[in-house]
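Asks: After the structure tokens below, expect a handful of questions from me.
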Amino acid sequence: MNNVEEGVFFLTGKDFTNAGAASSSLKGVLEKRGVPQDIIRRTAIAAFEAEMNVIIYAVAGMMKYRITDTEISVTIQDMGQGIPNIELAMTEGYSTAPDYIREMGFGSGMGLPNIKKSTDYFVINSMIGEGTTLEFTIHLIPCDKERA
Amino acid sequence: MNLADILAILNARVLTNQVPLQKTVESAYCADLMSDVLSFSVTNSLLVTGLTNAQVIRTAEMAAIEVIIFIQGKRPDSQTIKLAEEKRIPLLATDLSMFDTCGKLYERGLRSQFHHLNQAPIVTVRAQSV
């Protein structure tokens, strides 16, 4: 049995009205699939943090997901300014967000650390002036040996 | 603590229509920083906040927060209320300050529960009988 489900959502920079809509849709897909609540929550939080980053910092981007029987993987790719120092960006509390973003309740420098905390596998690739790609995976089952 | 008790304790109003109010929360979390809510909050909780934009609803949706209460007479706009209705998250509003809101709920036995900063296990503030 290999029940794979894939999809993509497009994200528009500075579109704060719809910020979170993609993560919400992904959450809906997982709920429909009957994924356990705690895994849905972890995925939704990581996806939402990544989605907000695209809305805040990039011109545009997309969120791709792939769900199998064993894991959920999400890739968020943006056309943005890139992250000059990823290590610094991964530090809790470090942020380059402008004041109007902070007034919306974001930009406190917890986003990337929180994605790391919520996921089982997390990679960032960034090119200055081109954009950033985040990939994360959350396991649906802790061990695969029964299927082997 | 159930929603009816929260409404009575805070003299609060319900802002959403047609969202079920038969809810019970096990803990409360108070923040204006949605990043903190996403990092530290736990499920089955009440969010006390002074922020009224749509991101509050999205944050509650992702973090599986049960109920949101806006403090100090603050009200979200109709679009934000509509989003909460779609997501079936009850919105409450009180005229009390954030300090008094939290104080009154604490006095009646509600406590916070949150994820520790360094990925340690969930912290439960010990509840005492009142």
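Asks: So for each of B:19-32, A:38-51, A:91-104, B:61-74 I average, over its residues, the number of other beta carbons within 10 Å; can you give me the resulting order with the highest mean first? Kindly include the intermediate steps, with their values, before the conclusion.
Replies: Details: B:19-32: 17.2, A:38-51: 24.0, A:91-104: 14.0, B:61-74: 20.8.
Those peptides, ordered most packed to least, come out A:38-51, B:61-74, B:19-32, A:91-104.
Asks: For A:Ala60, list long-range residues whose amide hydrogen, built 1.01 Å from N in the peptide plane, is under 5 Å from its own amide hydrogen.
Replies: A:Gly13, A:Met79
Asks: What's the carbon and sulfur percent of region B:2-109's accessible surface, probe 1.4 angstrom, rounded to a whole number? Mind showing how you got there, number by number?
Replies: Values: 2050 of 4470 Å².
About 46 percent, which is the carbon plus sulfur part of the accessible surface.
Asks: Rounded to the nearest 0.05, what FRET efficiency do A:Asn3 and B:Asn2 have when you use their Cβ-Cβ distance and R0 = 41 Å? Spell out each step's value before the answer.
Replies: Details: r = 39 Å, r/R0 = 0.95.
So the FRET efficiency works out to roughly 0.55.
Asks: Another one. Which residues of region A:87-111 end up with at least 40 Å² less accessible area in the presence of all protein chains than when their chain stands alone, using a 1.4 Å probe?
Replies: A:Glu92, A:Met104, A:Gly105, A:Phe106, A:Ser108, A:Met110
Asks: At 1.4 Å probe size, with every protein chain present, just tell me what the per residue accessible area of chain B comes to in Å². The partial results should precede the final answer.
Replies: Working: 6180 Å² over 130 residues.
For chain B, the solvent-accessible area averages 48 Å² per residue.
Asks: Going by a 1.4 Å probe on protein heavy atoms, which residues of region A:1-50 end up with at least 40 Å² less accessible surface in the whole assembly than in their chain alone?
Replies: Flagged in region A:1-50: A:Ser24, A:Lys27, A:Arg41, A:Ile45, A:Phe48.
Asks: How much of the accessible area of chain A, probe 1.4 Å, is carbon plus sulfur, in whole percent? Present the calculation step by step, with values, prior to reporting the outcome.
Replies: Working: 3780 of 7440 Å².
Carbon and sulfur: 51 percent of the exposed surface of chain A.
Asks: Zone of B:Asp32 (label point 7 Å along Cα→Cβ, backbone N under 17 Å): which residues in region A:105-129?
Replies: A:105-109
Asks: Between the chain alone and the structure with every protein chain in place, find the residues of region B:35-49 that drop at least 40 Å² of accessible area; heavy atoms, 1.4 Å probe.
Replies: B:Ser35, B:Leu38, B:Ser39
Asks: If the reach is capped at under 27 angstrom between alpha carbons, list the lysines near A:Lys32, excluding any in the same chain fewer than eight residues apart.
Replies: The qualifying lysines are A:Lys64, A:Lys116, A:Lys117, A:Lys145, B:Lys23, B:Lys82, B:Lys87.
Asks: Helix by helix, which DSSP H runs in chain A go 15 Å or more along their axis at the Cα atoms and have an average Kyte-Doolittle hydropathy of 0.0 or more? Walk me through the numbers before you get to the answer.
Replies: On the way: long enough: A:21-33 (18 Å, -0.25); A:37-57 (30 Å, 0.48).
Span-like helices, by this rule, are A:37-57.
Asks: Using 1/(1 + (r/R0)^6) with R0 = 30 angstrom and r between the beta carbons of B:Glu86 and B:Val123, what's the FRET efficiency to the nearest 0.05? Could you put the intermediate results ahead of the total?
Replies: Values: r = 32 Å, r/R0 = 1.08.
The pair B:Glu86/B:Val123 has a calculated efficiency of 0.40.
Asks: Please report, largest first and rounded to whole Å, the three semi-axes of the ellipsoid equivalent to region A:60-123, where each semi-axis is the square root of five times an eigenvalue of the C-alpha gyration tensor. Kindly include the intermediate steps, with their values, before the conclusion.
Replies: Values: eigenvalues 116, 41, 30 Å².
Each semi-axis is the square root of five times an eigenvalue, giving 24, 14, 12 Å.
Asks: If each of B:Glu107 and A:Asp38 carries a label point 7 Å out from its Cα toward its Cβ, how far apart are those two points in nm?
Replies: 3.6 nm
Asks: Whole-Hz ³J(HN,Hα) for each residue in region B:18-28, computed from phi via Karplus 6.51 cos²θ - 1.76 cosθ + 1.60 with θ = phi - 60°, x for glycine and proline: what do you get?
Replies: Rounded to whole hertz, the list is 6, 10, x, 9, 7, 10, 10, 10, 9, 7, 10.
Asks: When the scattering of chain A is computed by the Debye formula from its Cα atoms alone, each counted once and equally, what is log10 I(q)/I(0) at q = 0.10 Å⁻¹?
Replies: -0.34
Asks: With every protein chain present, what is the per residue accessible area of region A:7-148 (1.4 Å probe, Å²)?
Replies: Details: 6820 Å² over 142 residues.
Per residue, region A:7-148 has an accessible area of 48 Å².
Asks: Which of rounded, prolate, oblate describes region B:18-57, given a ≥ b ≥ c as roots of the alpha-carbon gyration tensor eigenvalues and a/c under 1.5 marking rounded, otherwise prolate only if a/b is larger than b/c? All intermediate terms of the calculation are to be shown ahead of the outcome.
Replies: Details: a/c = 2.24, a/b = 1.30, b/c = 1.73.
Oblate is the answer for region B:18-57, as a/c is 1.5 or above yet b/c matches or exceeds a/b.
Asks: Still on this model: Using only protein heavy atoms and a 1.4 angstrom probe, determine the accessible area buried between B and A, summed over both sides, in Å² to the nearest 100. Present the calculation step by step, with values, prior to reporting the outcome.
Replies: On the way: alone 7170 and 8470 Å², together 13620 Å².
The buried area between B and A, both sides summed, comes to about 2000 Å².
Asks: State whether chain B is rounded, prolate or oblate according to the following rule on the C-alpha gyration tensor (a ≥ b ≥ c being the square roots of its eigenvalues): a/c under 1.5 gives rounded; otherwise a/b larger than b/c gives prolate, and the remaining case gives oblate. Please list the in-between numbers first.
Replies: Values: a/c = 1.62, a/b = 1.19, b/c = 1.35.
Cα axes put chain B in the oblate bin.
The values are calculated or read from the model by the stated rules, or taken from the named source; none is laboratory data. Keep in mind it's a predicted model, so treat the numbers as computed, not measured. Counting neighbours? That spans all protein chains shown, and the Cβs are built from the backbone with ideal geometry, glycine included. These area figures cover heavy atoms from the full protein model, side chains too; ligands, DNA and RNA do not enter into them. Shrake-Rupley method; radii C 1.70, N 1.55, O 1.52, S 1.80 Å.
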